[in-house]
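Here the structure comes first, spelled out in structure tokens, and everything after it is commentary.
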Amino acid sequence: MKINRGNTAIADVWAGAASYTLEEINGARIAYVEFTTLTPVELTINDSITYEGETYYLRHREDVTKEEIIRGYPYRVKFYHDMYRLHDVVV
């Protein structure tokens, strides 16, 4: 899975077995992704992924959890579906 910033891939990671998507009746569509890298990845708002055929992006820095262990850096990140961009538009 590639993590993109604009049109540039900033990291290529393997989504862990604990990763999943959540789709609720009220329309919420969120991807909870876990991965581990050997070097730290600085994730910023609007970084995006394609997970299970859908595009998701990072909306809040608080949605990134990173630890430092001997074998690398495990991440737990909450990505929001592209439809959440509609919430940012003023009509």
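List, in order, the whole-Hz ³J(HN,Hα) value for each residue of the range 36-51 obtained from phi through the Karplus relation with A = 6.51, B = -1.76, C = 1.60 and θ = phi - 60°; use x for Gly and Pro.
10, 10, 7, 10, x, 10, 8, 8, 10, 4, 6, 5, 10, 9, 10, 10
Heads up, I need the accessible area for LEU38: 1.4 angstrom probe, whole protein in place, Å², nearest 10.
150
If the elastic network links every pair of Cα atoms under 10 Å, which of ILE69, ILE25, ILE45 fluctuates the most in the Gaussian network model of the chain?
In this elastic network of the chain, the residue with the biggest mean-square fluctuation among ILE69, ILE25, ILE45 is ILE25.
Per-residue HN-Hα couplings for the range 60-67, Karplus 6.51 cos²θ - 1.76 cosθ + 1.60 at θ = phi - 60°, whole Hz, x for Gly and Pro?
Working through the residues one at a time gives 9, 5, 5, 7, 10, 10, 10, 10 Hz.
At 37 °C and a viscosity of 0.692 mPa s, what translational diffusion coefficient does Stokes-Einstein give for the chain, taking Rh as the Kirkwood radius over Cα pairs? Give it in µm²/s as a whole number.
Roughly 241 µm²/s, to the nearest whole number.
Can you pull out the chymotrypsin sites (Phe, Trp or Tyr not before Pro) in the range 10-49 that DSSP calls coil and that have at most 12 other Cβ atoms within 10 Å? Spell out each step's value before the answer.
On the way: sites: TRP14, TYR20, TYR32, PHE35; in loops: TRP14.
Those that pass, being in a loop and sparsely packed, are TRP14.
Which of the trypsin sites (Lys or Arg not before Pro) across the range 38-91 are loop residues per DSSP, with 11 or fewer other Cβ within 10 Å?
Here the sparse-neighbourhood loop sites are ARG71.
Positive end of the dipole of the chain, charges at C-beta (+1 Lys, Arg; -1 Asp, Glu), about the Cα centre: which of HIS81, GLY53, ILE10 has its Cα farthest in that direction?
ILE10
Pick from GLU24, GLU67, GLU54: which is most flexible by mean-square fluctuation in a GNM of the chain where alpha carbon atoms under 10 Å apart are linked?
Per the Cα network of the chain with a 10 Å cutoff, GLU24 tops the list.
Once amide H atoms are placed 1.01 Å from N in the peptide plane, what residues at a sequence separation of 5 or more from GLY16, or on another chain, have their amide H within under 5 Å of its amide H?
Here the answer is GLU34, PHE35, since their amide H atoms fall under 5 Å of that of GLY16.
Accessible area of the chain with a 1.4 Å probe: how many percent of it is carbon plus sulfur?
52
The values are calculated or read from the model by the stated rules, or taken from the named source; none is laboratory data. Quick caveat: nothing in here was measured; it's all calculated off a predicted structure. Positions of Cβ are backbone-derived with ideal geometry, glycine not excepted, and every protein chain shown enters the neighbour counts. Accessible surface is based on the protein model in full, side chains and every heavy atom, while ligands, DNA and RNA are left aside. Shrake-Rupley method; radii C 1.70, N 1.55, O 1.52, S 1.80 Å.
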